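The values are calculated or read from the model by the stated rules, or taken from the named source; none is laboratory data. Keep in mind that what you see is a predicted model, and the values were worked out from it rather than measured. All Cβ positions, even for glycine, are placed from backbone atoms using ideal geometry, and neighbour counts span all protein chains on display. Please note that ligands, DNA and RNA were not included when accessible areas were found on the heavy atoms of the full protein model with its side chains. Shrake-Rupley method; radii C 1.70, N 1.55, O 1.52, S 1.80 Å.
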Amino acid sequence: MGNKKKRRSLSTFAILIAVLLLVSIATWVTSGQTYTDAETGELAAVTGATLNDILMAPINGWHNAGDVIGFVFCLGAFLSILNATGALETGIHVLVKKLHGKELALVWILMFLFSVGGTTYGMGEETVGFYILLAATMMAAGFDPLVGAATVLLGAGSGVLGSTINPFATGAAVAAASDAMKAMNTEVNMGIVYVEALILWLVTYLVSVIFVTRYAKMVKEGKGSILTADQLDECKKAYGGSTEISDSVKLTGRQKIVLVLFGLSFVIMILGFIPWGSLNEGIYNALGFSRVLTGNSFGDWWFDDAATWFLLMGIIIGLVGLDDKSKLMPCVVAGFADMISVNLVIALARATTVIMNSTGLGTWLVEASVTALSASGLPAPIFGLLDYLLHIGLSFLVPSSSGLASLSAPIVSPIVAGLGWSVETSIMINVAANGFVNLFTPTCGFIMGGLALARIPYETWVKWAAKLLAVIAVIAGVVLTVAMLILS
């Protein structure tokens, strides 16, 4: 018998470099094309990426994503200290034992909680630390790491796709549309926006959680995992002993305190990121005491604040949970080291965005394509469907929800309003298309970083999720097209 050749697959880094080079080539092809600069309002032209632009893009991507990278490093230190206490590993084992026979309920609950974070404040980069935790938990529960990664990614992603009060997606799009329509005395009906967002959020969540639990059940029954035996072994090594459960497992009093501090760490982070100022001024003012932590109140936190918080909590957890306090700083250093490859992925993913921004390619593409579609004279529902497909394409190049909203909403909204069509639906088309693409695009740093942390190859994720992604794309397209038909 002949030996089978081992199929070689592209690494995450190779995929990101290929995307960077393709975008650079696109800047050469479109060089000289004009667009309106969003800051000055004057005409500007696309410039071709130079050799030094391309060579410097990964370094500039590191600087551009510096806040996220700092957060991930500090999160790595936090997790390293936590793991050294043994509390998380033991806690996972105790939880799995208590859920014996009801493990699938954990997927439903956790995915819904992540989706709430997605729809309310665009939970994305903040999920990176959960990938390895949930991957280890699901593996210990008899599933595979992909179930854990999918719980995080699809949970938060379904919420972002149907963003209700997310200020970075719906909020940014509504603000940009309202500013562009001031002279028309047209206002955005937020009630309609919320209803459409709610439908998209809950339907996407239900479809996703059913898909994930069906696969989890199949793995549990021994019908096979999409991950190879070598990949599963690599995951077990990365997760330590968290995948093997002892019958006599029991939490000590000190470990219970550590787990309370662990849970508190994430609760405080979420409180810090929720935009209280735009939701409720009274709550925002009441939370002003939190400035003592980082100088910024809850609601004004960003990744530097969260990084500081996790490093602080990691040290506190170490002082409480470590028998030998001299291990504290080595754990911090080891945690930073564990995150180097993850942060390299994030920096390289951001490099493509840097090239598009510096050359003007992203702005030109959005302006030219949206303007062409808006002037096409198509019926409202056909326009809505094509607008949705267009924004799916644009989201590959402009993965930032607020960035895409600020570029396209000022162009689309006045035209849609002038034709008497649903501006609210055009806003949700922007939000949903961007949210859909950010379930799998390689230019999204937290997806690539999270999958790398959980030891899930990117191409494995895309292969596994392909059918689900197709279903989500169709469902969102149908909902938005029908909405445009009914409301226009």
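When you scan the stretch 53-130 for helices (runs of 4 or more DSSP H) that lie fully inside it, which ones turn up with 3 or more residues that are over 26 Å from Ile257 (Cα atoms), at pLDDT 80 or above and open to solvent by 10 Å² or more (accessible area, probe 1.4 Å)?
Values: elements: 66-85, 87-98, 103-121.
Where helices (runs of 4 or more DSSP H) fall fully within the stretch 53-130 and carry at least 3 residues being over 26 Å from Ile257 (Cα atoms), at pLDDT 80 or above and open to solvent by 10 Å² or more (accessible area, probe 1.4 Å), they are 66-85, 103-121.
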* Among the numbered criteria (1) among the polar types (S, T, N, Q); (2) without any contact (Cβ under 8 Å) to a residue 40 or more places away in the chain; (3) assigned to a helix (DSSP H, G or I); (4) open to solvent by 40 Å² or more (accessible area, probe 1.4 Å), which single criterion is violated by Ser376? -> (3)
* Select from the stretch 131-144 the residues that are among the small types (Gly, Ala, Ser) and assigned to a loop (DSSP other than H, G, I, E, B) and write down the one among them that is most open to solvent (accessible area, probe 1.4 Å). => Gly142
* Asked: How many residues are surrounded by fewer than 24 Cβ atoms within 10 Å (Cβ to Cβ) and within 23 Å of Val23 (Cβ to Cβ) if we restrict to the stretch 408-433?
  -> 1
* State whether one or more residues within the stretch 28-46 are part of a helix (DSSP H, G or I), surrounded by fewer than 23 Cβ atoms within 10 Å (Cβ to Cβ) and in contact with a Ser or Thr (Cβ under 9 Å, 6 or more places away or on another chain). => no
* Asked: Can you spot a residue in the stretch 203-225 that is open to solvent by 20 Å² or more (accessible area, probe 1.4 Å), under 22 Å from Tyr131 (Cα atoms) and not in a helix (DSSP H, G or I)?
  -> yes
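For Thr460, state whether it is open to solvent by 10 Å² or more (accessible area, probe 1.4 Å), modelled with pLDDT of 90 or more and of a type outside the set (Gly, Ala, Ser).
yes
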* **Tabulated pairs, the stretch 53-67, first under 18 Å from Gly449 (Cα atoms), second open to solvent by 40 Å² or more (accessible area, probe 1.4 Å) and not in a helix (DSSP H, G or I), C-beta under 7 angstrom, 6+ apart or interchain** => Asp67/Trp302
* Structure fact -> Within the stretch 301-329, residues being modelled with pLDDT under 85 and open to solvent by 60 Å² or more (accessible area, probe 1.4 Å) number 1
* Structure fact -> Restricting the stretch 236-269 to residues that are modelled with pLDDT of 75 or more and of a type in the set (Val, Ile, Thr), the one least open to solvent (accessible area, probe 1.4 Å) turns out to be Val258
* Just one of (1) over 27 Å from Pro167 (Cβ atoms); (2) buried (at least 19 other Cβ atoms within 10 Å of the Cβ); (3) of a type in the set (Phe, Trp, Tyr) trips up Phe336, so point out which. => (2)
